[in-house]
Amino acid sequence: MMNIIRADVYRIVRGKAIYITFTVLLALSLLEVFTFNGRGVSFGINTDVIDMTMGGQMNLDGVLAARLLLTTMDNLIYFILPLFIAVAMSMFSSGAIKNELASGIPRVRLYAAKWILSAILCVLLMLTYVACGAFAATVTRGLGRWSGAALRSILTSCGAQMVLMLAFNSIGILLAFATRHSAAVNGAYIAFALVPTMVIALFSNRYISFEKYYNYDLSLCMKLFSYVDKLPGTDIIRGLCIGTAYILVTTVLGITLFKRAEIK
C-alpha cells in the first residue's frame, strides 16, 4: 500500500493541480481575513442560532482570524474536488489501472491507498486554510487574546469539521471508482454538495416541518461545528454520527462496487 501512495505522491507533486489548488486556497484565506468588515456571524437551525461576535473589530488578530476561517470551512468541500480527482482518476484515464490489477494488487488495498492519500490531502488543505490566514493576521495585527480555552475550542472545532470533510472525501472517492470518468465525478459531487440543501430550503419555505432536515445536511453541520463549544451535546453527537456513517457506508459501497467492476 505504501508503494502505491508513494508513487501517487511523486506523480501529484510533479503535476500542477495541487499547486494551483493550494495557491487559490491561500488567496481565499487571506481575502477572508483582510477584507473582513467587522460584522458578526450568525447561523443556525430552526430556532437554535449561534451568534459569533468578532468583538466589533474591523481588523482581526490571529485568534479571531482562526475563528472566522473556521466558520467558512464549508467552502473547502469544493476545493477537495481536484484533489481526489488527481489521486483516483488518473489511473482510469491513463489506463494504468489495468497494470495495477495485473500486477496482483488487491482491489481493496488499491481503494484504501487512494482513500488514505486523498484524506491526508484533505486534512492538509484544512490546516493550510486556517493556519495561513491566522498566521498572516498574527504577523500584521498581533496574536490577540490567546488562552488554553481558546486553543481547545479551535482545535475541537477543527477536529469535528475534519470528520465531515472526510465524509465528503469518501463520497468523492466512491464516485471516482464508481463512474471512472472525471466529468461524471464533477457533476455528481457538486450535485450532492448543493442539491440537498437547495431542496430542504425550497420545501422549508412552504412546510416548516422540513427545517428539521437541516440537521442532517453535511455542509451546514460543518458550519455549526465551527463553534462546537456552543452547540448542544445532542447536535454534536448527531453531526459526528452522520459524518462517520457517510464515511463507513460510502467506503464499503465503493469497495464493493470496485471489486465487482469489470475493468476494460
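The values are calculated or read from the model by the stated rules, or taken from the named source; none is laboratory data. None of the values given here were measured: they were computed from a predicted structure. A quick note on method: Cβ atoms are made from the backbone with ideal geometry, for glycine too, and the neighbour counts reach across all protein chains shown. Only protein heavy atoms, including side chains, enter the accessible area calculation; ligands, DNA and RNA are left aside. Shrake-Rupley method; radii C 1.70, N 1.55, O 1.52, S 1.80 Å.
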Original post:
How do Trp115, Trp146 stack up against each other in accessible area, from largest to smallest, with a 1.4 angstrom probe?
Top reply: Trp146, Trp115
Original post:
Straight-line reach from Lys259: which lysines have a Cα under 27 Å away, not including same-chain ones fewer than 8 places off?
Top reply: Lys98, Lys114
Original post:
In whole percent, what relative contact order does region 93-230 give with Cα contacts below 8 Å and a gap of six or more residues?
Top reply: 30 percent
Original post:
Using a 1.4 Å probe, how large is the accessible area of Ser118, given in Å² and rounded to the nearest 10?
Top reply: 0 Å²
Original post:
Percent relative contact order of the chain, based on C-alpha pairs within less than 8 angstrom and at least six residues apart?
Top reply: 27 percent
Original post:
Expressed as a whole percentage, what fraction of the accessible surface of the chain belongs to carbon and sulfur atoms when a 1.4 Å probe is rolled over the protein heavy atoms?
Top reply: 65 percent
**OP:** Could you pull out the chymotrypsin sites (Phe, Trp or Tyr not before Pro) across region 163-261 that fall in loop regions by DSSP (anything but H, G, I, E, B) with no more than 15 other Cβ atoms inside 10 Å?
**Re:** Tyr207
Original post:
How big is the Rg/Rh ratio for region 93-244, C-alpha atoms only, Rh by Kirkwood, two decimals?
Top reply: 1.06
Original post:
What is the extension gain from Tyr19 to Ala149, computed as 0.36 nm multiplied by their sequence separation minus the C-alpha to C-alpha distance, in nm to one decimal?
Top reply: 43.4 nm
Original post:
Top mean-square fluctuation among Leu194, Leu224, Leu175, Gaussian network model of the chain, C-alpha springs under 10 Å?
Top reply: Leu194
Original post:
GNM on the chain, C-alpha springs below 10 Å: top fluctuator among Met126, Met198, Met165?
Top reply: Met198
**OP:** Might you tell me the accessible area per residue for the chain, computed with a 1.4 Å probe and given in Å²?
**Re:** 49 Å²
Original post:
Taking the chain as a Gaussian network, where each spring joins two C-alpha atoms under 10 Å apart, which residue of Val199, Val87, Val252 fluctuates the most?
Top reply: Val199
**OP:** Can you check what the net charge comes to around Gly62, using other residues whose Cβ is under 14 Å from the Cβ of Gly62 (Lys, Arg +1; Asp, Glu -1)?
**Re:** +1
Original post:
With the Cα gyration tensor of region 160-249 giving a ≥ b ≥ c as the square roots of its eigenvalues, does the rule (a/c under 1.5 for rounded; else a/b larger than b/c for prolate; else oblate) give rounded, prolate or oblate?
Top reply: oblate
Original post:
Which log10 I(q)/I(0) values, to two decimals, does the chain give at q = 0.16 Å⁻¹ under the Debye formula with one point per Cα?
Top reply: -1.22
Original post:
So between Leu101 and Thr256, what do we pick up on full extension, going 0.36 nm a residue minus the alpha carbon distance?
Top reply: 54.2 nm
Subject >> Distance between region 111-173 and region 198-264 - C-alpha centres, whole angstrom >> reply: 19 Å
Subject >> Computed helical MRE - 222 nm, the chain, DSSP H runs ≥ 4 contributing -39500 (n - 2.57), nearest 500 >> reply: -23500 deg cm²/dmol
Subject >> Largest-first ordering by accessible area, 1.4 Å probe, given options Lys98, Lys114, Lys16 >> reply: Lys16, Lys98, Lys114
**OP:** Can you tell me how much longer the chain between Val9 and Arg109 gets when fully stretched, taken as 0.36 nm per residue apart minus their C-alpha distance, in nm with one decimal?
**Re:** 34.4 nm
